[in-house]
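Before any comments, here is the structure.
The values are calculated or read from the model by the stated rules, or taken from the named source; none is laboratory data. Predicted, not measured: the structure shown is a model, and the values here were computed from it. Note: ideal-geometry Cβ built from the backbone for every residue, glycine included; neighbour counts use all protein chains shown. Ligands, DNA and RNA are excluded from the accessible area calculation, which covers all protein heavy atoms including side chains. Shrake-Rupley method; radii C 1.70, N 1.55, O 1.52, S 1.80 Å.
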Amino acid sequence: MILNFFKIAFRNLAKNKVYSFINIGGLAVGMSVAILIGLWIYDELSYDKYHKNYDTIAQIRSIGTDPNTGVTRSGTALQFPIGTTLKNNYKHYFKHVLLAFWVGDYTLSSSNDKYPKRGEFIDGDVIDMLSLKMLKGSGASLQDPHSIILSASTAKAIFGSEDPINKNMKIDNRMDVVVRGVFEDLPKNTRFSEVQFFSPWSLWVSSNDWVKANENEWNNWSFNVYVQTLPNVSVEQANTALKGFYDKNTPKHIADERRKYSPGIFLYPMEQWHLYSEFKDGKVAGGRITFVWLFGIVGIFVLLLACINFMNLSTARSEKRAKEVGIRKAIGSIRAQLIQQFLSESFLVVLLAFALAISFVILTLPWFNDLADKDMSIPFTNPVFWAISIAFILFTASLAGMYPAFYLSSFQPVKVLKGTFKLGRFSSLPRKVLVVVQFTVSVVLIVGTIVVYQQINHARNRPVGYDREGLIKVALNDPNYKGKQDVIKNQLIGTGMVENLALSSSPMTEIWSNAGGYNWKGKDPELASDFAVINVTHDFGKLVDWKIKEGRDFSRAYATDSNAIIINETAAKYLGLKNPVGEFITNPDEGTNETWQIIGVVKDLVMQSPYDPVKRSFYFLDPKYVDVSQMIIKIKPSVSTSEALPKIEAVFKEIVPSALFDYKFVDQEYGNKFSQEERIGKLASFFALLAILISCLGLFGLASFVAEQRTKEIGIRKVLGASVTSLWQMLSKDFVVLVVISCLVAAPIAYYFMNQWLTKYDYHTEISWWIFVITGLGALGITLLTVSYQAVKAALMNPIKSLKTE
């Protein structure tokens with residue numbers, strides 16, 4: 001019986017090729033979108049699960065409340081003593097406590113070869129905690145303070161087919177290390193995927209005097225701390241134990257001073273790092289989990305659109321199947337058998353569509369991976385995948401076929417065979433509702449895509465307060481740069497390629513240092529005073545072309561500028577000084593009660609996220625802090641970068657041959673800040689395009705059916721003098737009305753959800769009315785183009801052919 005059902009189903013598909021193509025093609029597109037989104041969601045939900053101790057790993061975060069504003073903030077930058085205190089005083093809660101520095105760019109040297117690599121200095125237990133798969137070496141490979149372990153790809157890039165174990169290397173030409181291990185490359189969906197080497201924390205401490213000096217310093221937030229809880233300790237238990245941490249463990253004078261900020265630390269579990277990365281008032285407030293839900297809903301709706309096409313075309317063709325149903329019932333078929341027959345047709349269509357969808361996914365997955373910045377693949381060897389696929393096929397077949405099966409099987413044979421069967425004036429109402437649903441979803445997706453891109457452009461066009469054009473940055477990691485900056489500057493300018501250069505303690509697109517404890521005239525003693533601190537050389541302002549609002553720039557003509565400070569607009573407002581230029585800033589926390597005079601106020605420089613408010617900033621003229629930090633070079637506008645870079649590199653190699661000339665363009669670094677939003681926009685565009693394609697396939701099929709159904713009516717109207725234009729209007733107007741209704745329904749839905757999305761950005765665009773107008777007009781235009789082919793084709797048909805059988 002079942003085999004017979006499938007034979008009949010296949011014959012019906014073969015007999016009605018156009019409808020079969022629309023059904024199978026539409027479902028295949030919808031299913032491929034659902035599969036791609038399913039793979040993307042699985043990748044997101046499995047983030048960091050490569051590490052076997054995923055459930056017990058956490059990062060320590062700080063938390064504190066600004067007593068002036070009541071705003072609570074949380075961050076991952078911590079003081080050095082927190083790590084040692086947790087190791088010594090909280091042993092019964094943690095299996096591992098790892099002090100670490102930020103993942104950064106370093107130069108690895110082997111013999112005379114140099115390689116730019118990303119690495120992290122961290123306590124040696126990282127191998128066990130992160131369950132690194134050691135291809136060479138062991139879990140104790142980082143116990144030697146001068147050791148290094150390399151990722152497999154890094155080891156191959158540096159040593160080729162040679163065994164790297166026990167090979168000598170240098171990090172930044174100042175730290176001697178020996179290769180003690182090679183670990184398997186970490187997958188892309190882990191926090192540590194970009195790490196190409198690990199080296200011991202003790203080496204970082206011994207190689208940097210400033211780190212060693214902060215070993216017992218509670219006023220420097222520059223470090224990271226990771227922990228792994230003991231098997232019988234939950235995150236909640238550990239957090240309970242950490243309450244009042246500062247009161248219990250810091251010197252009394254520090255505890256008393258900080259108490260007004262209600263400071264604390266807590267565990268931020270690894271399972272939240274990726275999906276719950278946004279904080280509000282010191283608490284987790286979402287993150288990428290929003291997009292997981294969003295794209296999951298999009299996948300369901302796109303699949304629903306394809307199923308709606310199947311329902312619409314199946315029920316629209318009900319008159320053609322009515323006699324078949326009547327005859328089957330007359331010769332003894334019961335309704336259950338008819339339902340099984342129609343569900344079999346649905347299952348066959350879905351099965352063919354699934355095979356086509358898998359082929360489509362295989363072809364598009366490399367492109368999709370590049371678009372989504374993923375490394376996904378179809379897990380053909382995983383039985384769970386096939387179990388989910390079977391469930392997916394059955395679910396889609398039921399969703400698409402259930403309504404047509406019950407609808408078609410309900411026809412009464414007496415009426416059908418007597419020729420008195422009519423569908424009724426409201427028979428098309430369900431189809432119209434489904435078309436409205438289809439286009440509502442499509443319009444919401446289109447509006448969402450436009451708003452995402454509008455937000456990106458809004459932030460991209462935000463005045464940044466300086467000129468990025470022609471700026472490159474070079475990290476001065478090699479100690480041989482020390483004292484040679486002026487020589488480099490003179491020779492670079494002598495090449496005719498460089499306009500100017502300066503040094504900075506932070507890159508132009510980041511802020512690496514923050515400090516508090518500053519005082520000024522009229523300051524409220526209870527006022528918090530946390531500022532971004534950027535140490536620069538004399539030519540920094542001229543180089544980046546910052547805009548002086550009040551006062552002047554740093555100048556070599558004033559010896560007193562060694563104790564001068566320039567502040568940004570945001571800082572000036574915060575200080576509350578009517579005329580800030582000439583006033584003094586002091587910092588008793590420095591121990592020397594050093595004083596700086598404000599000589600200028602500059603327009604805000606956007607050095608962090610373009611979506612966030614600019615942080616109040618202090619710019620100090622302090623070369624000792626920038627001697628080995630960032631060199632920012634301005635290439636002359638009149639020369640091309642391809643011409644300038646080789647000559648700039650030649651100067652660096654001549655003066656500091658031991659260093660790797662590793663440069664980055666400032667405008668590219670700034671552009672990277674938009675990568676996540678751009679990726680979301682591209683994904684949304686892709687899904688919106690496919691949603692429209694599926695909706696148009698359905699419209700095309702319905703328009704084709706309507707034209708076929710009204711062939712004789714069209715013939716009679718033509719004989720009576722109706723024009724092609726009037727016939728086109730008659731056939732198109734119903735679809736246009738449905739799309740207009742869809743736009744009216746979609747507008748408030750899209751506005752609500754996109755407005756909610758925009759509120760997570762402090763600096764965001766407004767949703768303009770023209771977005772809905774353009775989207776509505778676009779939807780109408782696409783509808784008319786889709787429907788017009790069938791409408792005009794029917795209107796141009798020779799009426800003799802359609803009426804000669806009457």
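Taking the criterion of being surrounded by fewer than 22 Cβ atoms within 10 Å (Cβ to Cβ), touching a residue at least 40 places away in the same chain (Cβ under 8 Å) and among the β-branched types (Val, Ile, Thr), the residues of segment 429-439 that qualify are VAL436, VAL437. Residues in segment 597-650 that are assigned to a helix (DSSP H, G or I) and open to solvent by less than 10 Å² (accessible area, probe 1.4 Å): VAL626, ALA644, ILE648.
Results for (1) small (Gly, Ala, Ser); (2) more than 21 Å from the chain's Cα centre (by Cα); (3) open to solvent by less than 20 Å² (accessible area, probe 1.4 Å); (4) modelled with pLDDT of 75 or more, shown as yes or no for each residue.
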{"position": "PHE674", "(1), (2), (3), (4)": "no, no, yes, yes"}
{"position": "LYS682", "(1), (2), (3), (4)": "no, no, no, yes"}
{"position": "ILE694", "(1), (2), (3), (4)": "no, yes, yes, yes"}
{"position": "PHE700", "(1), (2), (3), (4)": "no, yes, no, no"}
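Listed here are the residues, each with its yes/no results for (1) closer than 28 Å to ASN220 by Cα; (2) at pLDDT below 90.
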{"site": "TYR558", "(1), (2)": "no, yes"}
{"site": "ASP561", "(1), (2)": "yes, yes"}
{"site": "ALA572", "(1), (2)": "yes, no"}
{"site": "LEU577", "(1), (2)": "yes, yes"}
{"site": "ILE598", "(1), (2)": "yes, no"}
{"site": "GLN608", "(1), (2)": "yes, yes"}
{"site": "LYS636", "(1), (2)": "no, no"}
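Condition check: at pLDDT below 90 and part of a helix (DSSP H, G or I). Does ASP524 satisfy that? When the stated conditions are applied, ASP524 does not pass them.
Across segment 768-791, the qualifying residues are those that are open to solvent by 50 Å² or more (accessible area, probe 1.4 Å) and modelled with pLDDT under 85, and the one among them that is farthest from the chain's Cα centre (by Cα) is TYR789.
Among the listed residues VAL533, VAL452, VAL474, identify the single one that is among the hydrophobic types (A, V, I, L, M, F, W, C) and either part of a helix (DSSP H, G or I) or in contact with a Lys or Arg (Cβ under 6 Å, 6 or more places away or on another chain) (or both).
Values: VAL533 fails: either part of a helix (DSSP H, G or I) or in contact with a Lys or Arg (Cβ under 6 Å, 6 or more places away or on another chain) (or both); VAL474 fails: either part of a helix (DSSP H, G or I) or in contact with a Lys or Arg (Cβ under 6 Å, 6 or more places away or on another chain) (or both).
Matching residue, one of VAL533, VAL452, VAL474: VAL452.
On the stretch given as segment 132-178, residues that are touching a His at 6+ places or on another chain (Cβ under 7 Å) and surrounded by fewer than 16 Cβ atoms within 10 Å (Cβ to Cβ) total 2.
Pairs meeting the criteria (first residue in segment 226-241 and over 22 Å from ASP123 (Cα atoms), second residue open to solvent by less than 90 Å² (accessible area, probe 1.4 Å) and in a loop (DSSP other than H, G, I, E, B), beta carbons under 7 Å, at least 6 apart or on different chains) are ALA241/TYR90; ALA241/TYR93. Tell me, yes or no, whether segment 495-506 has at least one residue that is open to solvent by less than 10 Å² (accessible area, probe 1.4 Å), touching a strand residue (DSSP E or B) at 6+ places or on another chain (Cβ under 8 Å) and under 26 Å from GLY70 (Cβ atoms). No, that holds for no residue. Please verify whether ILE265 is within 30 Å of GLY30 (Cβ to Cβ), at pLDDT 85 or above and either among the aliphatic types (A, V, I, L, M) or touching a Leu at 6+ places or on another chain (Cβ under 7 Å) (or both), treating the condition exactly as stated. Considered against the rule, which asks whether it is within 30 Å of GLY30 (Cβ to Cβ), at pLDDT 85 or above and either among the aliphatic types (A, V, I, L, M) or touching a Leu at 6+ places or on another chain (Cβ under 7 Å) (or both), ILE265 comes out as no.
Quick one: in segment 46-75, of everything that is modelled with pLDDT under 85 and assigned to a strand (DSSP E or B), which residue is surrounded by the most Cβ atoms within 10 Å (Cβ to Cβ)? Looking at the filtered set, the residue picked out is THR65. If I filter segment 76-88 for residues that are among the hydroxyl-bearing types (Ser, Thr, Tyr), under 25 Å from the mean Cα position of the chain (by Cα), on the phi < 0 side of the Ramachandran plot and open to solvent by 20 Å² or more (accessible area, probe 1.4 Å), do I get at least one hit? Yes.
What tally of residues in segment 183-213 results from selecting those that are open to solvent by 10 Å² or more (accessible area, probe 1.4 Å) and either in contact with a helix residue (DSSP H, G or I) (Cβ under 9 Å, 6 or more places away or on another chain) or part of a loop (DSSP other than H, G, I, E, B) (or both)?
Start the filter on segment 183-213 by keeping residues that are open to solvent by 10 Å² or more (accessible area, probe 1.4 Å), which leaves 184-189, 191, 193-194, 196, 201-202, 204-210, 212-213.
From the residues that got through so far, the ones that are either in contact with a helix residue (DSSP H, G or I) (Cβ under 9 Å, 6 or more places away or on another chain) or part of a loop (DSSP other than H, G, I, E, B) (or both) too are 184-189, 191, 193-194, 196, 201, 204-206, 208, 212.
So the answer is 16.
Restricting attention to segment 259-282, the residues that are open to solvent by 20 Å² or more (accessible area, probe 1.4 Å) and either hydroxyl-bearing (Ser, Thr, Tyr) or without any contact (Cβ under 8 Å) to a residue 24 or more places away in the chain (or both) add up to 7. Cβ-Cβ below 8 Å, separation at least six or inter-chain, first residue in segment 665-684 and over 23 Å from ILE472 (Cβ atoms), second of a type in the set (Ser, Thr, Tyr): which pairs? Listed by first residue and then by second, the contacts come to GLY681/THR449; GLY681/TYR453; ALA684/THR449. Confirm whether ASP105 is in contact with a strand residue (DSSP E or B) (Cβ under 7 Å, 6 or more places away or on another chain) and surrounded by fewer than 16 Cβ atoms within 10 Å (Cβ to Cβ). Against the criterion (in contact with a strand residue (DSSP E or B) (Cβ under 7 Å, 6 or more places away or on another chain) and surrounded by fewer than 16 Cβ atoms within 10 Å (Cβ to Cβ)), ASP105 qualifies. Look at (1) modelled with pLDDT under 75; (2) exposed (fewer than 15 other Cβ atoms within 10 Å of the Cβ); (3) closer than 27 Å to ILE297 by Cβ and you find that ASN457 fails only one, number (1).
Cβ-Cβ contacts under 6 Å between residues 6 or more apart (or on different chains), taken from a first residue in segment 444-465 that is within 13 Å of ILE774 (Cα to Cα) to a second residue that is small (Gly, Ala, Ser) and surrounded by fewer than 21 Cβ atoms within 10 Å (Cβ to Cβ), are listed as THR449/SER685.
Taken over segment 714-736, residues that are open to solvent by 40 Å² or more (accessible area, probe 1.4 Å), in a helix (DSSP H, G or I) and not β-branched (Val, Ile, Thr) amount to 7.
Each residue in segment 539-552 was checked for being surrounded by fewer than 17 Cβ atoms within 10 Å (Cβ to Cβ) and assigned to a loop (DSSP other than H, G, I, E, B), and 3 pass. Every condition in (1) of a type in the set (S, T, N, Q); (2) under 18 Å from TRP102 (Cα atoms); (3) buried (at least 20 other Cβ atoms within 10 Å of the Cβ) is met by THR229 except one, and the failing one is (2). The residues in segment 125-145 that are more than 21 Å from THR56 (Cα to Cα) and charged (D, E, K, R) can be counted, and the count is 2. The set of residues from segment 165-182 being part of a loop (DSSP other than H, G, I, E, B), touching a Lys or Arg at 6+ places or on another chain (Cβ under 9 Å) and closer than 17 Å to TYR106 by Cβ comprises just one member, ASN173. Consider segment 652-675 and keep the residues that are among the aliphatic types (A, V, I, L, M) and in contact with a strand residue (DSSP E or B) (Cβ under 9 Å, 6 or more places away or on another chain). The one that is farthest from GLN491 (Cα to Cα) is VAL666.
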